[in-house]
Every structure is written in C-alpha cells, then in structure tokens.
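Undergrad: Next up is a structure, given as structure tokens.
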Amino acid sequence: TSEEMEARIIAIKLQLGEKLFIPGHHYQKDEVIQFANVTGDSLQLAQLCAANKQAEHIVFCGVHFMAETADILTNDHQKVYLPDMRAGCSMADMANIFQTDRAWDALTEMFGDTIAPLTYVNSTAAIKAFVGKNGGATVTSSNAHSMVKWAFTQKERILFLPDQHLGRNTAYDIGIPLEQMAVWNPINDKLEYEGEIEDIKVILWKGHCSVHEKFTVQNIADLRESDPEIRIIVHPECSREVVELADDNGSTKYIIDAIENAAPGSKWAIGTEMNLVNRLIQNHPNKQIVSLNPSMCPCLTMNRIDLPHLLWSLDSIVNNEDINVIQVDEETTKDAIKALERMLARA
Ligand code: CIZ
Ligand code: SF4
C-alpha cells in the first residue's frame, strides 16, 4: 500500500541521513515531492546539486536532462540516480547531436564565425557539450534574458536550442524584431526565413514543449469571455501568440512568486504544468486559481516518477545495486561544464 511504501521511504531516509539527497522539480507529483529535501525549478536544482558536497547518493526526482546536469555539476564520488529511466523530456529529444552538428556546419557556412550558440538546459548533455565547446552557454527560463543579452556581447547572432518559443519570446522581449528571427528545421536541415539572410539575428531551433504548446489562443479567448477580471500568467515555453495575449509570463519560479504575492481573492489562470498548478491551487485556498487549459496539461514523463519508482530506487541504493545511475562521460562533462559555468557565473 501507499502507507507501507511511505513508511519504508521514511526509514531509508533516516538510515542514510546526509548521504542521501533528494531534489524534486516543481512539476513532480505530490506523492514524490513530500519526500524531497529541496524543491525548485531546473536552475535552482542545478545550483543546489552543485553546492551539495556531502551526499553520496542523489536521487533526482525530475527528468533525464536534469539528472545529467546534476551529475555534471557534482563530484565523482557522488552518484546521481533517476528513479525511472523513461522520464525523458520530449523537448530535449527534439535536438540530437547529429542534427546539431549538421546545423552548425550549414549555419557557419552561411554566416561564418558570427554565431554564439545557446541551449536551454532542457537539452541533452551532448548538446550542452557542443555549446560549451563553441563558446556558448546554457540558459534557463529564469535567466534567459540576461543570457541572450550576454550572447550578443560575444557574437552578432545567436543560435537558440532546442525551444523555439523560449528563444523567440526572450529575444522579442530584449528588442529583437520577429522579422530578424529565422527557424532552423532539423528534420530537413533547412533554414526557414523569408528575407535577406544578412538581417537574421536569431536562429531558433524548431523544437517545443509538448505540454506548454497545449495552451492556446482559444483558451485565452474563452477565459476572457467567461471572466474578464481573471489574470492570465503563462510560462515562456508557450507560443508567442499565447504569451502576447497573456497578462504576464515568466519562469516556474516567477509564476510561483507571482501567485504567492497576489492579493487574496484575486483570480488567476496559469499556463504551465498540471502538478505545479494543482499545488498552487492547494497552497492558496484564498485565491481563485485555474489551469489556462481545462484539460490541465500534465507532463507525462515527469509523472513517470511516482512513489513505487522512488522506493525502488532507494531500495536499490540500500542494497548496493547500481541501478539507474546517470553518468555523463568525462569528455562530454568537460565541455558541458563550460556551458553550465558560463550560466551559473551570471545566474
Ligand atoms: O518545462 C520545464 O521543464 C521547465 C520549466 C523546467 C524548469 O524548471 O526550468
Ligand atoms: Fe520537457 Fe515540457 Fe515536460 Fe518540461 S514540461 S520536462 S520541457 S516535456
């Protein structure tokens, strides 16, 4: 039963003490989050893992790219585990290193040495290594503006992987017109753009988040019609059109802070992942909060980490079995860490 599993997890946490560290992403289920030592968005969790020197076992409750980042930022004696190896990220899967190498060859042919690559942390370690090797950095939704500005101090143009929406929304916010943004399509290796290519300032990788893409202009129109007073806040992984029509947009942490600071009785519709929206609803009974999309929008891969998987992972540690260990090879780590450190130095 759940009670038995919970009791067992509590016992293992007591037994391992500081040797065990369980970071939990905001999009994780409540049944998992209750056991997290810390919760946060991807940036906060990366910083907390980098700062933790005593844990031998880091059981990462989040998705694969986050566990990879934790492994890259921790020491060799610290092992990172992902309770379910199928907890990937469909966005990260939209850019593989072969496509990226092909894109870089084609783009440097077109533009010479004028492009700084940036990758959203929602990407594989191999992509982070590619970016690190080529003078670029990682970004998260919390620091995308300052990182994009930084990239423009390095080169005339940027290549932004793998989320076209975060890239477009961020570049637009810092003053780059939409007409100066092109899209790289990794399926046919083509640049989608209608003007003179010298005018291009931002090359957006054609990837997206399958969860945040489900918040639509229609959802916003429906809500505004049924409740003109409601405030709509969305994550910048939503499309440009949705971000444009929303009242506000920002990272996971920004959304949480906005709701915490909101007036009692205020009404909100939130365009981000379901588990976080539900938790905000529970934690703020004095505010009226709904999901921007009535079908709620869960991240299916985040949800793969559940109580049985967490317990199974902890049991395997107690039994000294090296199961579901996430280990990024040395070569990749060496380059990926450059990209991460350029970000963490400015975060
Ligand atoms: O969509 C995600 O995976 C997000 C928002 C991650 C994060 O915490 O930045
Ligand atoms: Fe990936 Fe989207 Fe899920 Fe985040 S919410 S882990 S970007 S699929």
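Undergrad: Give me the one-decimal Kirkwood hydrodynamic radius in Å for the chain, with the sum taken over alpha-carbon pairs. Don't jump to the answer; show the numbers that get you there.
TA: Values: mean 1/r = 0.0479 Å⁻¹.
It works out to 20.9 Å.
Undergrad: So between T1 and D30, what do we pick up on full extension, going 0.36 nm a residue minus the alpha carbon distance?
TA: The span from T1 to D30 would gain 8.8 nm if fully extended.
Undergrad: As a test of the formula, what do you get for the chain when each DSSP H run with n ≥ 4 contributes -39,500 (n - 2.57) and the sum is divided by the residue count, at 222 nm and rounded to the nearest 500 deg cm²/dmol?
TA: When only DSSP H runs of four or more count, the value is -12500 deg cm²/dmol.
Undergrad: When Y193, Y81 are ordered from fewest to most other Cβ atoms inside 10 Å of their Cβ, what list results? Kindly include the intermediate steps, with their values, before the conclusion.
TA: On the way: Y193 16, Y81 23.
With the fewest neighbours first, Y193, Y81 line up as Y193, Y81.
Undergrad: Between Y120 and residues 5 or more places away or on another chain, which pairs have amide H atoms under 5 Å apart, with H built 1.01 Å from N, and which residues are they?
TA: V139, L161, D163
Undergrad: Still on this structure: I need the per residue convex hull volume for segment 48-91, using only the alpha carbons, in cubic angstrom as a whole number. All intermediate terms of the calculation are to be shown ahead of the outcome.
TA: On the way: hull volume 2.8 nm³, N = 44.
That works out to 65 Å³ per residue.
Undergrad: Can you sort L314, L245, L107 from fewest to most other Cβ atoms within 10 Å of each residue's own Cβ?
TA: On the way: L314 25, L245 17, L107 20.
The most exposed by this proxy come first: L245, L107, L314.
Undergrad: With a 10 Å cut-off between alpha carbons and a GNM built on the chain, which of Q327, Q218, Q44 moves the most?
TA: Per the Cα network of the chain with a 10 Å cutoff, Q218 tops the list.
Undergrad: Given H placed on each backbone N at 1.01 Å, which residues far from R231 in sequence or on other chains put an amide H within less than 5 Å of it?
TA: Those qualifying (amide H under 5 Å, at least 5 residues apart or on another chain) are K267, W268, A269.
Undergrad: Determine which lysines satisfy two conditions relative to K19: a Cα distance under 19 Å, and not lying fewer than 8 residues away in the same chain.
TA: Output for K19: K53, K79.
Undergrad: How would you rank L82, L191, going from fewest to most other Cβ atoms within 10 Å of each one's own Cβ? The partial results should precede the final answer.
TA: On the way: L82 28, L191 15.
Fewest to most other Cβ atoms nearby, the residues stand as L191, L82.
Undergrad: Going Cα to Cα from K133, which lysines come in below 20 Å? Please leave out same-chain ones fewer than 8 positions away.
TA: By straight Cα distance, K133 reaches K149, K155, K334, K338.
Undergrad: Among DSSP bridges having both ends in the chain, what percentage is antiparallel? Round to the nearest 5. All intermediate terms of the calculation are to be shown ahead of the outcome.
TA: Details: 4 of 38 bridges.
Bridges in the chain are about 10 percent antiparallel.
Undergrad: To the nearest Å, what is the center-to-center distance of segment 144-221 and segment 280-347, using C-alpha atoms only?
TA: Cα centres, segment 144-221 to segment 280-347: 25 Å.
Quick note: the coordinates plus some simple rules give every number you see, no bench work behind them. The structure presented is a predicted model; accordingly, all values stated were derived computationally and were not measured. In this analysis, Cβ positions are derived from the backbone assuming ideal geometry, glycine residues included, and neighbour counts consider all displayed protein chains.
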